[in-house]
Amino acid sequence: MKVEKLHMRCLINGEWRDARSGSTFDVRNPATNELIATAPLLDREQVEEAISSANAAFPAWRDLPARERARMLRAIGDSLQRRSEEFAQLITREQGKPLAESRGEVAYSVNYLHWFAEEAMRVCGDIIPSDSPQKRILVLKQPIGVAAAITPWNFPIAMLARKMGAALAAGCTFIAKPAPETPLSALLLGELCQEAKIPSGAVNIITGDAAMIGAALMASPFVKKVSFTGSTEVGKLLIQQSADTVKKLTLELGGNAPFIVLDDADLDRAIDGAIFGKYRNAGQTCICVNRFLVHESFAQEFSERLVERAKGLVVGNGLEEKTAIGPLINDQARDKVVGLLNSAASDGATFLCGEGARQATSRFVEPCVITGVKPSMRIWNEEIFGPVSTITTFSSDAEAISLANNTPYGLAAYVYSSNLNRALRTAELLDFGMVGINDTAISNAQAPFGGVKQSGFGREGSKYGVDDYTVLKYLSVA
Ligand code: SIN
C-alpha cells in the first residue's frame with residue numbers, strides 16, 4: 001500500500017524524517033493483529049527540533065494574510081475529500097471501526113478543515129467606547145504562538161483536523177502528536193499539508209514515546225498552547241505540567257454521558273438515538289452514552305426494544321461491509337470492559353443480553369444490555385468505552401436530573417421528550433457542556449464541543465474553537 005512507506009516518517013520543518021537512532025514502533029490492525037506499519041520513535045532532540053521549527057515559522061505564518069491561510073486550509077480539506085476512500089480504509093485498518101464510520105470520520109474532518117478555512121477570515125477584535133472622546137479602546141485578537149495537539153486513537157484524523165484547523169486559522173503554527181495506536185492517517189495528513197504548500201515548520205507531525213513527547217511539549221517555553229483529547233487522568237497531569245510555563249490548555253477529557261428518557265418520549269426516536277449514541281465506534285467515544293436513565297413506566301418496553309436492536313448489530317472486522325461493531329482498540333481496553341461487566345454482575349446488575357462478554361478473550365466484544373444499575377456500582381462511575389448499555393429507572397424529572405448529575409464528569413448528556421419546554425428545562429439543569437435533545441448525533445464543525453467539571457475546559461470547533469488559539473491584546477489610544 002502506497003501509504004506504508006510514507007508512514008514510517010515524521011514531518012519536521014517541512015521534511016520527512018526517521019528517528020535519528022533508526023528506532024521505530026509497530027502499528028497493528030486491532031482486528032487481526034497484523035503489522036500494518038512502523039513509525040519513528042523520535043528522541044527528545046528531534047522533538048525539540050520540531051518545536052524550534054514551529055517557533056521559527058510562527059512570525060511569517062502569523063503575518064500571512066488570513067485569506068492565504070484560508071486558501072491552504074481549504075486545499076488540505078479538498079485533498080482529503082478527494083482521497084477520502086484511501087483515508088477511510090487506513091483508519092479502519094489502524095483503529096478498527098467499521099468502514100462506514102471511517103468514511104463518516106473523513107467527511108467530518110473535511111468539514112472541520114473547510115469550516116476553519118472560512119473562520120480564518122473572521123478572527124476579529126473589537127472597538128469599545130471609552131469614557132473620554134480623546135481615548136480609544138481597541139481589542140486585537142492575536143494568535144497565541146506555537147500550538148501543540150495530543151490526539152486520541154478513537155478518532156485518529158477528526159480530532160487532528162479539529163485542532164489543526166483552528167490553530168492554523170488563528171495564525172498559530174502547529175505540532176501534532178498522534179496516539180501511538182493510530183499514527184498513520186495523521187502522518188498521511190502531513191502529505192496533504194505539503195501538497196497545499198503549508199510553509200516549512202508551520203505543521204509538524206511527530207511520533208514516539210508519549211510520555212517523553214508530552215513532557216517535552218509541556219516544558220518548552222516556545223509552546224504556548226496545548227490541546228489534548230484523552231483521559232481525565234492524563235489531563236490532570238498536563239495541568240500540573242503546564243504550571244511552569246503557564247501554558248494555555250484545551251482539555252477534552254473523559255465523559256459519563258446520561259441518556260434520559262422522560263415519560264413522554266417518542267420511543268422510536270429514543271431507540272434510534274440510543275443505538276447510534278451507544279454503539280458507534282464500539283462504544284469508544286467520549287460522548288457515547290454511559291448510563292440510560294429511563295422513566296419507570298417505559299423501562300420494560302425500552303429495554304426490550306434496545307435488546308432486540310443491540311442483538312442485531314454484527315460484530316466483526318471493520319473492513320467487512322456488514323460489520324456494525326468493530327474490535328476494541330487493544331487487549332487492555334477489552335480487559336477493562338470485562339472487569340466492569342463482572343463487577344456490575346457481582347453487585348447485582350442483570351444481563352438482558354450479551355452476558356457472554358463477561359468471558360470475552362478477543363477484542364470483539366458482543367453488545368450487552370444490563371439493568372438494575374445503581375450509582376454505587378463501578379460501571380456507573382467509570383467511562384465504559386465499550387458496547388455496553390446500562391439501564392437505571394427513575395420516577396420523576398427531578399430524580400432523573402439528580403441521577404444524571406451524579407458524576408464528576410460533564411461532557412455530553414441526552415434528553416428524550418416530546419415536550420420541547422420540558423426537554424429544554426431539563427437540559428438547562430444538567431451539568432454538562434453539551435446536551436442533545438432528541439438527538440445523539442451532536443458533533444459537527446459549527447458547534448462548540450467541550451465539557452465542564454472533570455471533562456475538561458475550552459471548546460473545539462465553531463467560532464469559539466478559534467478563540468482557544470488566540471490571545472486578546474488591549475490597546476489604549478489617547
Ligand atoms: C471524542 O470521542 O472525543 C470525540 C467524539 C466526537 O467528536 O464526536
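No lab work stands behind these numbers, since they all come straight from the coordinates. Since this is a predicted model, take the numbers as computed values, not measurements. Here the Cβ positions follow ideal geometry from the backbone for every residue, glycine too, while neighbour counts run over all protein chains shown.
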Distance in nm between pseudo-label sites at Asn406 and Leu35 (7 Å out along the Cβ direction from Cα)
5.0
Which value results when the Cα radius of gyration for the range 274-342 is divided by 2.2 N^0.38 Å?
1.23
In degrees, nearest 10, the alpha-carbon axis of helix 44-63 is tilted away from the dominant principal axis of the alpha carbons of the chain by 70
For the range 85-146: Kirkwood Rh in Å [reciprocal of mean 1/r, alpha carbons]:
15.4
Give me Rg/Rg_expected for the range 184-322, where Rg uses Cα atoms only and Rg_expected = 2.2 N^0.38 Å with N residues.
1.49
Please compute, for the alpha-carbon atoms of the range 364-478, the extent along each of the three principal axes and give them in descending order in Å.
67, 39, 25
Magnitude of the Cβ-charge dipole of the chain, K/R +1 and D/E -1, about the Cα centre, nearest 20 debye?
1280
Hey, what's the per residue convex hull volume over the C-alpha atoms of the range 13-112, in cubic angstrom?
117
Can you give the angle from 0 to 90° between the axis of helix 184-195 and the longest principal axis of the chain, with both taken from C-alpha atoms, to the nearest 10?
30
Kindly state, as a whole number, the per residue volume in cubic angstrom of the convex hull around the alpha carbon atoms of the range 303-355.
74
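Over all distinct alpha-carbon pairs, what is the Kirkwood Rh of the range 233-291 in angstrom?
Kirkwood hydrodynamic radius for the range 233-291: 14.0 Å.
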Take the Cα gyration tensor of the range 115-189, multiply each eigenvalue by 5, square-root it, and list the three semi-axes largest first, rounded to whole angstrom.
37, 11, 9
Alpha carbons only, please: Rg and Dmax for the chain, in angstrom.
22.9, 76
Regarding the range 317-414, what is the average projected area of its C-alpha convex hull, in nm²?
7.3
Go ahead and run the numbers for FRET between Lys463 and Asp268, Cβ-Cβ distance against an R0 of 51 Å, rounding to 0.05.
0.90
Give me the extension gain from Leu472 to Gln142: residue separation times 0.36 nm, minus the current Cα-Cα distance, reported in nm with one decimal.
118.2 nm
Long-range share for the range 148-252, i.e. C-alpha pairs more than 21 Å apart as a percent of all pairs, stands at 28
Cross-link reach list, lysines versus Lys135, counting only Cα pairs under 24 Å and skipping chain neighbours closer than eight places:
Lys473
Separation in nanometres of the label points that stand 7 Å from Cα toward Cβ, at Val246 and Arg67
3.8
Tilt of helix 267-279 relative to the longest C-alpha principal axis of the chain, in degrees (0 to 90, nearest 10)?
60
DSSP-loop trypsin sites (Lys or Arg not before Pro) across the range 251-332, with at most 14 other Cβ within 10 angstrom
Lys322
Scan of the chain for GluC sites (Glu not before Pro) in DSSP loops with at most 10 other beta-carbon atoms within 10 Å gives a longest site-free stretch of 35-320
If one puts a single equal scatterer on every Cα of the range 240-362 and applies the Debye formula without solvent, what log₁₀ I(q)/I(0) results at q = 0.09 Å⁻¹?
-0.34
